[in-house]
Amino acid sequence: MSKTMKAIRFYEPGVIKFEVVDIPEIGDGEVLVKTKVVLTCGTDIKIYRRGHPKVKPPMIFGHEFSGIVAKVGSNVTHFTEGMKVVAANSAPCNECFYCKRGKPNLCEHLSETLIGFSADGAYAEYVRIPERIVRQNLLEIPDHVSFQEAAFVEPLACVVNGNEAANIKLADNVVIIGAGPIGLLHMQLARARGAKNVIAVDLIEYRLQKALEVGAHNAINAKTDDPIEKVKALTDGRGAEVVIECVGLPQTWENAIAMTGKAGTTVLFGGAPPGTKISVDTHRIHYEDLTIKGIFHHTPVCVSRALDLISSGIVNVKPLITREMSSLNQVEAALKEMQKGETIKIAILP
Ligand SMILES: [Zn+2]
Ligand SMILES: [Zn+2]
């Protein structure tokens, strides 16, 4: 095996470089994965444009990936060379306050071994899987699942976590604000949970068409229509039982609460920068029994369910790949293209 590999490293906002670097060394409990597919993600665009507090340059980024086991540490028992695998980007410590209280998604040590942030990521020919992830969040890919499909495990795991918080009931009206990759996955889960009316809201026609293609019953273009009025019109004037916001802007957060009907649940899934404020009618929250929830990241249970959802065909991730690019040196072009909005995800094949 050669000692070097090609990789994309982030240096500073707007500067990423295609370089030859050393293949990572692995410890006794670790696994080296030869990357087969890396998916572009909205967070990668944020890192590329603005940097990220957890990313210490120069750093290989990219965190939605799948591949083949190239090497295993001497203490690794469940994985062997040549196995098809997918990993989440993190794993909880199981020892901190939040882990012990059953909230491993909020583990205080999550960011210590975060692939693509604090640990070198997957825009590279090889990626080192830290021991904690090997033990909890490295999974073998079933034969009939492709590398491209399996690479959706990480974002889908986050969506599983958020979707469970939404408490969707049979025959509910469910609005999903934002028809990017995350919103499109929420739509499929809402349908799988028996929603009678899944309503997609976005500003971009291409994404709304995708929404209808993956199972939304209705699509609202918030550029041309008032989304709150439209949702009311589609729900006999009541508003939706469940609204999931996947954008992360104050306006869409406020809209999400405004279009939630009495006794309904609003899930605020899209994250906004620290200090962002919204304004809410407290009268409605109290007298209309509203439930407003925040939700973050994933847990090993969600990661395992995510692969099962893909493997069983309950979630179809194939329509979410807009394009393939066959080389790592196209990552920058892919991220630039993603910013235009006429793309859901681009699969990079290192
Ligand atoms: Zn991501
Ligand atoms: Zn913990």
Check every DSSP H run in the chain and write down those whose alpha carbon atoms cover 15 angstrom or more along the long axis and whose mean Kyte-Doolittle hydropathy is 1.0 or greater.
-> 300-311
Which pairs in the list LYS232/LYS293; LYS210/LYS230; LYS56/LYS103; LYS210/LYS293; LYS277/LYS318; LYS46/LYS223 are over 29 Å apart, alpha-carbon to alpha-carbon?
-> LYS277/LYS318
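May I ask you to derive the relative contact order of the chain, considering only C-alpha pairs under 8 Å and at least 6 residues apart, and to give it as an integer percent?
Once divided by the residue count of the chain, the mean separation gives 18 percent.
Efficiency by 1/(1 + (r/R0)^6): what FRET value for ILE314 and LYS3, r their Cβ-Cβ distance, R0 = 45 Å, to the nearest 0.05?
The computed FRET efficiency comes out at 0.60.
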Neighbour-count ranking [beta-carbon atoms within 10 angstrom, fewest first] of ILE285, ILE228 | ILE285, ILE228
Non-local residues with an amide H under 5 Å from the amide H of ILE292, with H modelled 1.01 Å from N and Pro and chain starts lacking one, are THR266
Order of HIS78, HIS297, HIS217 - criterion: other Cβ atoms within 10 Å of each residue's Cβ, fewest first | HIS78, HIS217, HIS297
How would you rank LEU156, LEU309, going from fewest to most other Cβ atoms within 10 Å of each one's own Cβ?
-> LEU309, LEU156
Percent antiparallel among DSSP beta bridges confined to the chain, nearest 5, equals 55 percent
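Using a Förster distance of 25 angstrom, determine the FRET efficiency expected from the C-beta separation of SER326 and GLU25, and round it to 0.05. The partial results should precede the final answer.
Details: r = 28 Å, r/R0 = 1.12.
Once rounded, the FRET efficiency stands at 0.35.
Here, each number is a calculation from the coordinates, and none is a lab measurement. None of these values were measured; they are calculated from a predicted model. Glycine also receives a Cβ, built like all others from the backbone with ideal geometry; neighbour counts cover every protein chain displayed.
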